[in-house]
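> Take this structure first; my questions come after.
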Amino acid sequence: MAAASLRKGNARLPPEVNRAIFVRNLPFNISSEEMYDIFGKYGAIRQIRLGNGKDTRGTAYVVYEDIYDAKNAVDHLSGFNVANRYLIVLYSQPNKMGKKMDIKKKEEEITKLQEKYGISSKSSP
């Protein structure tokens, strides 16, 4: 396999590569068994978490035992067709998600302060 050749060559992986991958655009009715069938082909899986809430339906997190298996899955399953839906497979980056939330909170805080002190957010010439 390609993953085995990567390990032998002691290739350095990009910093965003990790064992946890985030999958979007899944069919809402996909079962965990089907997920294990699709993603298990690329290596041993530690955990699969399917989104079941209103905002998280059609998404999942897949955690592999080995980082090279996760890389192999992302490389091969991005754009894979499941029930006429093309999967979007990315490396999980929770720290970036946190930064987006922090920016939104800061913007809301600034808006509240501007309203409190009567400062317009639009600069007039």
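The values are calculated or read from the model by the stated rules, or taken from the named source; none is laboratory data. These figures come from a predicted structure and were not determined experimentally. Neighbour counts are summed over all protein chains in view; Cβ atoms, including those assigned to glycine, are modelled from backbone coordinates with ideal geometry. For accessibility, only protein heavy atoms count, side chains too; no ligands or nucleic acids. Shrake-Rupley method; radii C 1.70, N 1.55, O 1.52, S 1.80 Å.
> PRE reach from LYS104 (point 7 Å along Cα→Cβ): which of region 37-72 fall under 20 Å by backbone N?
Output list for this probe position: 51-61.
> Same structure again: Express in nm, to one decimal, how much length is gained between LEU90 and LYS116 on full extension, taking 0.36 nm for each residue of separation and deducting their alpha carbon distance.
This chain segment gains 5.3 nm when fully extended.
> To continue, here is another question. Which whole-number value in Å² is the accessible area per residue of region 35-78, probe 1.4 Å? Don't jump to the answer; show the numbers that get you there.
Details: 2460 Å² over 44 residues.
On a per-residue basis, 56 Å².
> Residue by residue through region 28-40, which ³J(HN,Hα) values in whole Hz follow from phi under the Karplus form 6.51 cos²θ - 1.76 cosθ + 1.60 (θ = phi - 60°), with glycine and proline marked x?
Computed from phi, the couplings for region 28-40 are 4, 9, 5, 9, 5, 5, 5, 4, 5, 5, 6, 7, x Hz.
> Cross-link partners among aspartates and glutamates for LYS105, C-alpha distance below 18 Å, same-chain residues fewer than 8 apart left out?
GLU115
> For region 12-90, take every pair of Cα atoms, bin their distances at 5 Å starting from 0, and report each bin as a whole percent.
3, 16, 30, 27, 16, 6, 2, 0
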